[in-house]
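Data block below; observations after.
The values are calculated or read from the model by the stated rules, or taken from the named source; none is laboratory data. Computed from a predicted structure; not experimentally measured. Positions of Cβ are generated from backbone atoms using ideal geometry, with glycine treated the same way; all protein chains shown enter the neighbour counts. Side chains are part of the model used for accessible areas, which takes the heavy atoms of the whole protein and leaves out ligands, DNA and RNA. Shrake-Rupley method; radii C 1.70, N 1.55, O 1.52, S 1.80 Å.
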Amino acid sequence: MIVLGIESSCDETSVAVLKNNILTTNLISSQDFHKNYGGVVPELSSRAHLQIVNPLVKDALKKSGIELKDIDLIAATAGPGLIGALLVGLTYAKGLALGLNKPFISVNHIEGHIFSGFLMKQKPEFPFLCLVVSGGHTLLLLVKNFTEIYKLGNTVDDAVGESFDKVAKLLGFGYPGGPKIQEASKFGDANKINFPIAELKHKLNFSFSGLKTAVLRYVQSQGGIDKLTEEYKNDIASCFQSAAVNALTRNVKRALKKYDVNSISVVGGVAANEHLKSEMIKISEKYNKNLVIPDIQFCGDNAAMIAFRGKSLYENGIRDTLASKPFPALSENHFLEI
Ligand code: KG4
Ligand code: ZN
């Protein structure tokens, strides 16, 4: 079975080919120009997707040594994401499916991330605990199988990646902030400032807006960003990263005490964070669980995870029509309540 996957939910256009469970291509074209604006500009993103999607598909087919007629299933991200950006990939994929008379399946971007660990050699084993940490989402899930996903916790305000981006902007590090905070943290003292982590009534939920405000207040109390030395900024970055990672791992430990799982998987853009990874390794060893954190190319937005998720849905009997529409946000009740 040959699956063509297309991802265009934000600032990455990606096309992947999955051939009998083997990933033959995962091309990712990143729209670097957004850094000039300090964040993703939706309209510019849509236009860039439109320019690159067709050449990228042609390139992916060539690299995989296949032709259009060899494709058995076409999968594309329907949401959540930027509507204009999603429209480009989704409409392109539907048009291709219609023209080739091949089945089409729309994929939820978050579900793509959830199962991205299956692109690794060592895969998660059901049931697994999944921490989804990206620029738009922070979710703790109990994944029983390919179709039963339970929501254990969610952010009540900012997503963790968003807080990395906002704090980086505040410290003058630029966009995207996650990798910049990680780099600065290496030179900082993580014990210098104690930033608070919100304790919520629902213990498995997350909150990051208070942490971001605490960093802002701290910077203001020191006379503003212009008064801070590089060394001091590194300390602040390091203390913020440590608090943000603590907020995530605290809930993972709580969930492990409550739910019996075989594996833990950490997915999404923030799963690339080295401090989070090292803390998760300690937890997995302590609780004796198999830990799966995808390679960096599968942590950020990519079409390989969309192709895999499309295939798993198709194999579980899910069928789609060309009527599926793009959607900007994840609905409240998308995942099952425990
Ligand atoms: O999953 P993703 O590529 O896009 C979304 O679906 O949101 O995640 C992007 C997020 C950004 O907020 C970015 O700053 C963050 O992932 N990120 C990181 C790191 N690399 C990317 N955050 C912390 N540490 C990193 N190394
Ligand atoms: Zn994503």
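Given the conditions (1) in contact with a Ser or Thr (Cβ under 9 Å, 6 or more places away or on another chain); (2) assigned to a helix (DSSP H, G or I), and given that Leu291 satisfies all but one, which numbered condition is not satisfied?
The single condition Leu291 does not satisfy is (2).
Scan segment 189-211 and tell me whether some residue there is in the same structural domain as Ser134 (by TED's automatic domain parsing), under 25 Å from Leu256 (Cα atoms), away from ligand 1 (no atom under 16 Å from the Cβ) and free of Cβ contacts under 8 Å to residues at least 12 places away in the same chain.
Yes, that holds for at least one residue.
Out of segment 120-133, which residues are within 17 Å of Gln297 (Cβ to Cβ) and either at pLDDT below 95 or away from ligand 1 (no atom under 16 Å from the Cβ) (or both)?
Passing the criteria: Met120, Lys121, Gln122, Lys123.
From the list Asp301, Asp295, Asp260, pick out the single residue that is buried (at least 23 other Cβ atoms within 10 Å of the Cβ), on the phi < 0 side of the Ramachandran plot and of a type in the set (Asp, Glu).
Working: Asp295 fails: buried (at least 23 other Cβ atoms within 10 Å of the Cβ); Asp260 fails: buried (at least 23 other Cβ atoms within 10 Å of the Cβ).
None of the other options fit; the residue is Asp301.
Test each condition in (1) open to solvent by less than 20 Å² (accessible area, probe 1.4 Å); (2) out of contact with any Phe, Trp or Tyr (no Cβ under 8 Å at 6 or more places or on another chain); (3) within 12 Å of ligand 1 (Cβ to nearest atom) for Thr249 and report the one that comes out false.
Just one mismatch for Thr249, condition (3).
For every residue, the table says whether it meets (1) modelled with pLDDT under 95; (2) open to solvent by 50 Å² or more (accessible area, probe 1.4 Å); (3) more than 23 Å from Ser278 (Cα to Cα); (4) touching a Lys or Arg at 6+ places or on another chain (Cβ under 9 Å).
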| residue | (1), (2), (3), (4) |
| --- | --- |
| Lys144 | no, yes, yes, no |
| Val167 | no, no, no, yes |
| Gly177 | yes, no, no, yes |
| Asn191 | no, yes, no, no |
| Gly210 | no, no, yes, no |
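Specify which of the listed residues (Gly117, Gly136, Gly95, Gly84) is within 16 Å of ligand 2 (Cβ to nearest atom) and either modelled with pLDDT of 95 or more or buried (at least 24 other Cβ atoms within 10 Å of the Cβ) (or both).
On the way: Gly136 fails: either modelled with pLDDT of 95 or more or buried (at least 24 other Cβ atoms within 10 Å of the Cβ) (or both); Gly95 fails: within 16 Å of ligand 2 (Cβ to nearest atom); Gly84 fails: within 16 Å of ligand 2 (Cβ to nearest atom).
Only one candidate passes the filter, namely Gly117.
Would you check if Val143 is closer than 17 Å to Ala329 by Cβ and under 17 Å from the mean Cα position of the chain (by Cα)?
It is false that Val143 is closer than 17 Å to Ala329 by Cβ and under 17 Å from the mean Cα position of the chain (by Cα).
Could you please find all residues in segment 253-273 being in a helix (DSSP H, G or I), within 16 Å of ligand 1 (Cβ to nearest atom) and of a type in the set (A, V, I, L, M, F, W, C)?
Val270, Ala271, Ala272
Give the number of residues within segment 293-329 that are aliphatic (A, V, I, L, M), within 16 Å of ligand 1 (Cβ to nearest atom) and in contact with a helix residue (DSSP H, G or I) (Cβ under 6 Å, 6 or more places away or on another chain). Let's see the steps before the verdict.
So the first thing to find is which residues in segment 293-329 are aliphatic (A, V, I, L, M), and the list is 293, 296, 303-307, 313, 318, 322-323, 329.
Going one step further and asking which of them are within 16 Å of ligand 1 (Cβ to nearest atom), we end up with 293, 296, 303-306, 329.
Retained after the next criterion (residues that are in contact with a helix residue (DSSP H, G or I) (Cβ under 6 Å, 6 or more places away or on another chain)): 293, 296, 304-306.
Of the residues in that region, 5 qualify.
For the condition open to solvent by 50 Å² or more (accessible area, probe 1.4 Å) and either in contact with a Ser or Thr (Cβ under 6 Å, 6 or more places away or on another chain) or at pLDDT below 95 (or both), what is the one hit in Val160, Val156, Val107?
Numbers: Val160 fails: open to solvent by 50 Å² or more (accessible area, probe 1.4 Å); Val107 fails: open to solvent by 50 Å² or more (accessible area, probe 1.4 Å).
Of the residues listed, the single one that is open to solvent by 50 Å² or more (accessible area, probe 1.4 Å) and either in contact with a Ser or Thr (Cβ under 6 Å, 6 or more places away or on another chain) or at pLDDT below 95 (or both) is Val156.
Here are some conditions: (1) farther than 30 Å from Arg250 by Cα; (2) among the small types (Gly, Ala, Ser); (3) not in a loop (DSSP other than H, G, I, E, B). Gly317 meets all but one. Which one does it not meet?
(3)
Out of all the residues in segment 268-291, which are farther than 14 Å from Val252 by Cα and buried (at least 21 other Cβ atoms within 10 Å of the Cβ)?
Gly268, Gly269, Val270, Ala272, Asn273
Rundown of residues vs (1) within 30 Å of Thr24 (Cα to Cα); (2) of a type in the set (Val, Ile, Thr), yes/no style:
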position	(1), (2)
Asn234	no, no
Val270	yes, yes
Glu279	no, no
Asp295	yes, no
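Among (1) outside the structural domain of Lys19 (by TED's automatic domain parsing); (2) under 17 Å from the mean Cα position of the chain (by Cα); (3) not β-branched (Val, Ile, Thr), which single condition is Ala304 missing?
(1)
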